[in-house]
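Notes for the one structure printed next.
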Amino acid sequence: MTGAQQYGTLYAVYEFLNRVFGMETYAADETYIDTGVTTIKLPDMDVTEIPSFNYRIGKYGVYTPEFRDLMRVHSEERFIAPINGTLYHNSFVALPPDTYRSAHPDWYSTDGLQLCYLAHGNQAEYDALVDTASSVLLEWLLASPNAGSITFTQEDYDTWCGCSECAASKEKYGVDSATAIHFVNDLAVATNAKLREAGDPREDIIYWLFAYNKTETPPVRQTENGYEPIDDGVDMRENNIGIIYAPILMDYTKPMTHANNAGYRDIFEQWSSITDNVYFWGYDTIFADYFNVHNTFGTIRENLKVAKENNAVAAMLQGQHDQRALTCFNNFKVYLAAKYEWNLDEDYNELFNNFFDNYFKDASETMKELFNSLTTHCAWFADEYSVYGQGGIITITERNFPKGAIGNWMELIDRAFRDIESMRISDPEAYETVYNRINLESLAYRYMLIELYGADYLDGELYQMKSDFRRDCGRLGVTHFREHRTIDGLWSEWGL
């Protein structure tokens, strides 16, 4: 059993254990292995596993290093060298304005929120910009000798430099991204030369930049056979430039093959015409409200298939990255994403049944009914009211979630608790685990009742509902209620 690198060898062992002992990991605290077998006949096997994506990133807070290994996914640091600990939006980490702006004002955009990738047309300043940035990249690549790539990416603002040189580039290419491509091409050449001088053996470093906000669209033109770069200056292949395609405004409740997302799929095809290294960064949660169901379960595979068709070597579906205890069936989403990033040919129904049977055990059938009812309802209101499923849009409204529907889901939660009663005696430890998993799923519906229909309850009753909710969040380990906002902010809003 061996692999191309150490993790490949580890995955070979896991594959062997799966095929011989049925080992399968469903969650951080749920790995199945057949322990009842007393005699094993070792089969004659010659198996080669090639994952759908070379780099599979697990971007949920539930991941621990061990759980990542079991699910065969990575943290980004396994293949990207961070710049001073920062992987993304790191141009100012590499070239801090407080350090360089006074001596090199042309390095920064007219509004000061980004770099000027053309140094305002000042050739001497541009050369100094390339030289300084390449020295920074050299430092951090040498600090990460096993990394095969590094990022140099814009700041997280939807703005770009407005200088005359950048304006001229946009007039020529039609998009802002051309300036970043030109710069990173030169940056890669300079950094590679310094790596060789330092005796570093790596020759195929990928230099990642962002297709995000102002740089989402590439500088290409359409041909009879698809797309091609407008000129050689924006072809990214020669210097191994990669693109992190992050369509943040896409409707992720619909697949990229849907009419709603046709433009994003087209942009994917455009980028794949100028680079062989695409990193698909998808968005898999409602970042403005972690108790808000984001019905992307049925689109994960289709979106990853589109990514694979368009030169994606890396894939990451960003979920609740700062949350350890996941409601809204997000633990199933974690499982789906990892399985499809490894093998796009996995069967959804088989994954669905295996996960629910092992994760919810005696409550499996009831929780399947709840999941199917919930996702069918979410698909209904999305179509009925033309709700756009973008990660910043909160869909918890009285129109989308009538009280009667929430009541039906709470009844299924109660039934699931009854389903596991026999486990209380037969397997008390498993009972407590599954009880907590069901309770964790209940939080989304209890939250809806409080947020949408709190006025329907007496003051004392509502206060008890909120207090019970807070108690269970604390006991289950819920730490955040939206991205970068701890759960204490919700207690403050609720007056607790």
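Annotation note: of ALA198, ALA190, ALA168, ALA180, the sole residue that is open to solvent by less than 10 Å² (accessible area, probe 1.4 Å) and on the phi < 0 side of the Ramachandran plot is ALA180. Within segment 33-82, the residues that satisfy the criterion of being touching a strand residue (DSSP E or B) at 6+ places or on another chain (Cβ under 7 Å), part of a loop (DSSP other than H, G, I, E, B) and either modelled with pLDDT under 90 or closer than 21 Å to ASP276 by Cα (or both) are PHE53, ASN54, PHE79. Count of segment 436-493 residues, restricted to those that are assigned to a helix (DSSP H, G or I), more than 24 Å from ARG418 (Cβ to Cβ) and open to solvent by 80 Å² or more (accessible area, probe 1.4 Å), is 9. Entry remark, segment 303-323: residues being within 15 Å of the chain's Cα centre (by Cα) and either surrounded by fewer than 24 Cβ atoms within 10 Å (Cβ to Cβ) or not in a strand (DSSP E or B) (or both) number 10 in total. Taking the criterion of being touching a residue at least 24 places away in the same chain (Cβ under 8 Å) and among the aliphatic types (A, V, I, L, M), the residues of segment 455-486 that qualify are LEU476, VAL478.
Could you list all residues from segment 338-358 that are more than 22 Å from the chain's Cα centre (by Cα) and open to solvent by 10 Å² or more (accessible area, probe 1.4 Å)? I'd like the intermediate steps shown before the answer.
Start the filter on segment 338-358 by keeping residues that are more than 22 Å from the chain's Cα centre (by Cα), which leaves 349-350, 353-354, 356-358.
Scanning segment 338-358 gives ASN349, GLU350, ASN353, ASN354, ASP357, ASN358.
Could you tell me whether segment 265-280 includes any residue that is open to solvent by less than 40 Å² (accessible area, probe 1.4 Å) and within 30 Å of ALA444 (Cβ to Cβ)? Yes, segment 265-280 has at least one match. With respect to being within 29 Å of the chain's Cα centre (by Cα), at pLDDT 95 or above, surrounded by 22 or more Cβ atoms within 10 Å (Cβ to Cβ) and not β-branched (Val, Ile, Thr), ALA119 falls outside the description.
THR299 meets each of the listed conditions (1) out of contact with any helix residue (DSSP H, G or I) (no Cβ under 6 Å at 6 or more places or on another chain); (2) open to solvent by 30 Å² or more (accessible area, probe 1.4 Å); (3) touching a residue at least 24 places away in the same chain (Cβ under 8 Å) apart from (2). The set of residues in segment 134-160 being open to solvent by 10 Å² or more (accessible area, probe 1.4 Å), outside any helix (DSSP H, G or I), among the polar types (S, T, N, Q) and closer than 19 Å to ARG196 by Cα consists of SER144, ASN146.
In this entry, ASN277 is excluded by the filter for residues that are in contact (Cβ under 8 Å) with a residue 24 or more places away in the chain, in contact with a helix residue (DSSP H, G or I) (Cβ under 7 Å, 6 or more places away or on another chain) and more than 17 Å from VAL175 (Cα to Cα).
Would you say SER364 is open to solvent by 30 Å² or more (accessible area, probe 1.4 Å) and either closer than 22 Å to ALA288 by Cβ or among the hydroxyl-bearing types (Ser, Thr, Tyr) (or both)?
Numbers: open to solvent by 30 Å² or more (accessible area, probe 1.4 Å): no; either closer than 22 Å to ALA288 by Cβ or among the hydroxyl-bearing types (Ser, Thr, Tyr) (or both): yes.
Here the answer is no, as SER364 does not meet what is asked.
Counting only residues that are open to solvent by less than 10 Å² (accessible area, probe 1.4 Å) and either free of Cβ contacts under 8 Å to residues at least 60 places away in the same chain or over 22 Å from ALA211 (Cβ atoms) (or both), segment 72-89 holds 1 of them.
Could you check, for segment 402-416, whether at least one of its residues is touching a Phe, Trp or Tyr at 6+ places or on another chain (Cβ under 9 Å), within 27 Å of ALA315 (Cβ to Cβ) and modelled with pLDDT of 95 or more? No, every residue in segment 402-416 fails to be touching a Phe, Trp or Tyr at 6+ places or on another chain (Cβ under 9 Å), within 27 Å of ALA315 (Cβ to Cβ) and modelled with pLDDT of 95 or more.
If you take the residues of segment 420-435 that are part of a helix (DSSP H, G or I), free of Cβ contacts under 8 Å to residues at least 60 places away in the same chain and under 15 Å from TYR359 (Cα atoms), which of them is most open to solvent (accessible area, probe 1.4 Å)? It would help to see each step written out before you state the result.
Going through segment 420-435, the residues part of a helix (DSSP H, G or I) turn out to be 423-426, 428-435.
Filter once more, so that each one left must be free of Cβ contacts under 8 Å to residues at least 60 places away in the same chain: 424-426, 428-429, 431-432, 435.
With under 15 Å from TYR359 (Cα atoms) added as a condition, the list becomes 429, 431-432, 435.
Details: GLU429: 145, TYR431: 26, GLU432: 113, TYR435: 78 Å².
Ranking the qualifying residues of segment 420-435, first place goes to GLU429.
Checked against (1) open to solvent by less than 60 Å² (accessible area, probe 1.4 Å); (2) free of Cβ contacts under 8 Å to residues at least 24 places away in the same chain; (3) in contact with a helix residue (DSSP H, G or I) (Cβ under 7 Å, 6 or more places away or on another chain), ILE33 passes all but condition (1).
What helices (runs of 4 or more DSSP H), lying completely within segment 161-276, carry at least 2 residues that are aromatic (Phe, Trp, Tyr) and under 30 Å from ILE393 (Cα atoms)? Give the steps one after another, and end with the answer.
Details: elements: 164-173, 177-197, 262-272.
Of the helices (runs of 4 or more DSSP H) lying wholly inside segment 161-276, those with at least 2 residues that are aromatic (Phe, Trp, Tyr) and under 30 Å from ILE393 (Cα atoms) span 262-272.
Condition first: aromatic (Phe, Trp, Tyr) and surrounded by fewer than 23 Cβ atoms within 10 Å (Cβ to Cβ). Now tell me which residues in segment 247-264 satisfy that. Result: TYR264, single match. Here PHE371 clears all of (1) outside any helix (DSSP H, G or I); (2) at pLDDT 95 or above except the condition numbered (1).
The values are calculated or read from the model by the stated rules, or taken from the named source; none is laboratory data. As the structure is a computational prediction, the values presented were derived from the model and not from experiment. Backbone-built Cβ (ideal geometry, glycine too); neighbour counts: all protein chains shown. To get the accessible areas, we keep the full protein, side chains included, count just its heavy atoms, and leave off ligands, DNA and RNA. Shrake-Rupley method; radii C 1.70, N 1.55, O 1.52, S 1.80 Å.
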